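Student: Structure below; questions to follow.
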Number of protein chains: 2
Amino acid sequence: MAQRHLDPTGPPAGPSPAPGSGRAGGAPTGDALADYLRAQATEFLRALRLHRETGGSSNGTGAGGPEDPVDAARALRRAVRRISGSLHTFRPLLDADWSESVRPELAWLSGTLAMEHAYAARLERLLLALHRLSGAVFPAQAVGASPAAASAVSVRAAGAGRTGTAEPGGLPAAAPAPDRGNLTVGAAKAGALLERQLTLARTRAHSTALQALGSSRFHAVADTVALLASDVPLAPTATTTGLHPLATAARERLTDAVTALPLITAGHPYNAEALIHGLSPDPAPHPQDAPWHQVRLLLRLHRYAREVLDGTDAPVDVRLLAAGQALDRHRDASEAAAAAAQAARTPRIAPATAYALGVLHADQRHEVEAARFAFQQSWQKQAVGTP
Amino acid sequence: MAQRHLDPTGPPAGPSPAPGSGRAGGAPTGDALADYLRAQATEFLRALRLHRETGGSSNGTGAGGPEDPVDAARALRRAVRRISGSLHTFRPLLDADWSESVRPELAWLSGTLAMEHAYAARLERLLLALHRLSGAVFPAQAVGASPAAASAVSVRAAGAGRTGTAEPGGLPAAAPAPDRGNLTVGAAKAGALLERQLTLARTRAHSTALQALGSSRFHAVADTVALLASDVPLAPTATTTGLHPLATAARERLTDAVTALPLITAGHPYNAEALIHGLSPDPAPHPQDAPWHQVRLLLRLHRYAREVLDGTDAPVDVRLLAAGQALDRHRDASEAAAAAAQAARTPRIAPATAYALGVLHADQRHEVEAARFAFQQSWQKQAVGTP
């Protein structure tokens, strides 16, 4: 259990798959996949029920127990990602038509549910960075709080007939919104500008999520998952087909993508690569980040494939987790840097505001570089287990 | 000889001190100090003569042989630093009145001669960084050129009755001024602003240096050093007093100051300490840099003390050199970051200019952090030799 708490997405609250027939008599087959999918579908339904029960009574702290709607939303996203990932990795073992029809719907739901959280976490990251850059001192727990824990995602009343308001709550009390008392004018204005822009984006994402959760499209997904909790549409040969080759293929896609990363450069601290296009005329997101984002997704698929094979009770490889957390940080910093650059393009801002946003952008690009270094360090120690 | 070329200040072009009586019969005494001071005074006079001979014919390339006025100016500064440092470290061995009167004059001369070079190097560093941040590709030799090699210091006609013009040359051909063709508007404007401000500062420093070298104050210093080349005013007990305790004291001042540095933090890559006051309301230079600047000076004094004891022909400790180069880089990046922040306070600049200057400031503050890491790495390997 001690290892379980290292999982950045939180300990799984749902029932683990029973050691079923899939793993009982040798190499795991489609039965193990069915066990896993049933367990994740059950978890999805549990999270959805919790969400309905608690959606209207959010205290906005994000620090509650399993009754917290933030936790419920996170658990929903978590289950959707796992179902979606398993459908991808073990595609040949599943009914092809069913699989092809449900995967885009899960991707839509996962993306929609993630946006409000992402904007909230991005704003928090940028405001904390502004304070750090201003030499302000924070309580350690606020600085150390993970964006996930600080999220105020509150997709309320999902499918429960209630409609929540479109006003997202403030930053949760567990990570207090830093006051701007000791910021310079430029930093304070930059913070206010980012808060305005990202809160607007978050409000829109909140409304979109609410609409999604009340839509017939969502109800169709929920129905599909409810069916999945009892009956997994396996392909005819699935119960006699081993999972190992497909899991191995997922692992190889990961290791191939990692091999293509510039890890030697990343392993040299302060290589100054991440900021190299910091003032490029190209307004698009840094193209150098894309392969890292891709590895992040492949690493997640590999982790889920291992869960299918080993069961969710198996100890989580902490080095794999560390590598994944580094890539999460890479993604978050990359997007935060882009948000700062984007804010700097707002017409008629003061030069002091623009200057602060420039410092902030560069700071987050160095966070990107630091995350690559951290990934390289953890990967070096990492022996990717054979599934 | 191979090791000598690693000296960042260039190989000493003057005569080495003969293995004199100071080192012949055991532990070195004041005689060794006298040998060293005579040699450095001779080098000063040689550099000054070269400067007079070549001062009017500078081709501004900085790439010439010993006839180059840039090299001559560098050799002048080099000799002045060594004389001044030795007077400091071995003060009790020298005539007190003479020593007290000449040291401030040497400090004045050293400071005055260094300014034009510093502004030129700072501008070059910032323009190269702007191009790197814009994703521009440079010829490796231009990027790798040390600021010292690229300096266009040309304190001409020193003491030769000729007065040079107050117009400093352009950046030397060896490190071509990067064109601004592929910069964004913000980066280009930031570059133009920095070029204007730092070229103005450099022009003023050039004029000041010219005035200094034509002044009676300078002629008095030159006369003092000319006397030093033949007659070193030692204290009465100097020839029977060992140098080791004073050199050891210099080493201990260094190691004590290093011990007080935050080396554990500096040894963790991407600790994000250097930028922590990047948006602080305090416009003063980063106070966190001061202890590092102090160690830089103490390291130099330690190196010069070793030269006095071991002779300038002794192999230079490459790790000591690496540590010193890291601290030079620290100082240069610290001052470049301050120049970018200062430029951002220019009234009525465009937001895009301010943004680029903010990115540039943060970039140089990360250079500061990288230099601290490099120092920590070289110091870890460094066993400071007992003199």
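Student: Condition first: in a helix (DSSP H, G or I), modelled with pLDDT under 90 and among the small types (Gly, Ala, Ser). Now tell me which residues in the stretch A:271-306 satisfy that. Step through it out loud before you land on a result.
Tutor: If we filter the stretch A:271-306 for residues that are in a helix (DSSP H, G or I), which is where we start, we get A:287-306.
Those left that are additionally modelled with pLDDT under 90: A:287.
Selection gives nothing.
Student: Pull out all pairs, ordered by first then second residue, where Cβ-Cβ is under 7 Å, the residues are six or more apart or on different chains, the first lies in the stretch B:348-365 and is within 7 Å of chain A (Cβ to nearest Cβ), and the second is at pLDDT below 95 and in a loop (DSSP other than H, G, I, E, B).
Tutor: The qualifying pairs are B:Ala356/A:Leu279; B:Val359/A:Gly278; B:Val359/A:Leu279; B:His361/B:Gly278; B:Ala362/B:Leu275; B:Ala362/B:Gly278; B:Asp363/A:Leu275.
Student: Turning to a different aspect of this structure: Checking A:Leu297 against (1) closer than 29 Å to A:Ser99 by Cα; (2) touching a residue at least 40 places away in the same chain (Cβ under 8 Å), only one condition comes out false. Which one?
Tutor: For A:Leu297, the failing item is (2).
Student: Report every pair of residues separated by at least 6 positions or lying on different chains whose Cβ atoms are under 6 Å apart, first residue within the stretch B:109-135 and more than 14 Å from chain A (Cβ to nearest Cβ) and of a type in the set (Val, Ile, Thr), second open to solvent by less than 30 Å² (accessible area, probe 1.4 Å) and part of a helix (DSSP H, G or I).
Tutor: Partner pairs satisfying both residue conditions: B:Thr112/B:Ala209; B:Thr112/B:Ala212.
Student: Does A:Glu273 satisfy being within 27 Å of B:Val368 (Cα to Cα) and among the acidic types (Asp, Glu)?
Tutor: Taking the combined requirement at face value, the residue satisfies it.
Student: Also: Go through the stretch B:196-213 and count every residue that is open to solvent by 60 Å² or more (accessible area, probe 1.4 Å) and not hydrophobic (A, V, I, L, M, F, W, C).
Tutor: 5
Student: Residues of the stretch A:84-110 being crowded, with 22+ Cβ neighbours inside 10 Å and either over 21 Å from the mean Cα position of the chain (by Cα) or not in a helix (DSSP H, G or I) (or both), which ones?
Tutor: Correct list: A:Phe90, A:Leu93, A:Leu94.
Student: Another question, then. If you go through the stretch A:307-327, how many residues are assigned to a helix (DSSP H, G or I) and either open to solvent by less than 50 Å² (accessible area, probe 1.4 Å) or modelled with pLDDT under 95 (or both)?
Tutor: So the answer is 13.
Student: Taking into account only those residues within the stretch B:236-250 that are at pLDDT below 95 and either out of contact with any helix residue (DSSP H, G or I) (no Cβ under 7 Å at 6 or more places or on another chain) or assigned to a loop (DSSP other than H, G, I, E, B) (or both), which is most open to solvent (accessible area, probe 1.4 Å)?
Tutor: Among those residues, the one meeting the criterion is B:Pro236.
Student: Determine whether the stretch A:251-263 contains at least one residue that is open to solvent by less than 20 Å² (accessible area, probe 1.4 Å) and not in a helix (DSSP H, G or I).
Tutor: Within the stretch A:251-263, one or more residues are open to solvent by less than 20 Å² (accessible area, probe 1.4 Å) and not in a helix (DSSP H, G or I).
The values are calculated or read from the model by the stated rules, or taken from the named source; none is laboratory data. These numbers come from a predicted model, not from an experiment. Heads up, the Cβs are rebuilt from the backbone with ideal geometry, glycines too, and the neighbour counts pull from every protein chain shown. Just the protein is used for accessible areas: all its heavy atoms, side chains included, with ligands, DNA and RNA removed. Shrake-Rupley method; radii C 1.70, N 1.55, O 1.52, S 1.80 Å.
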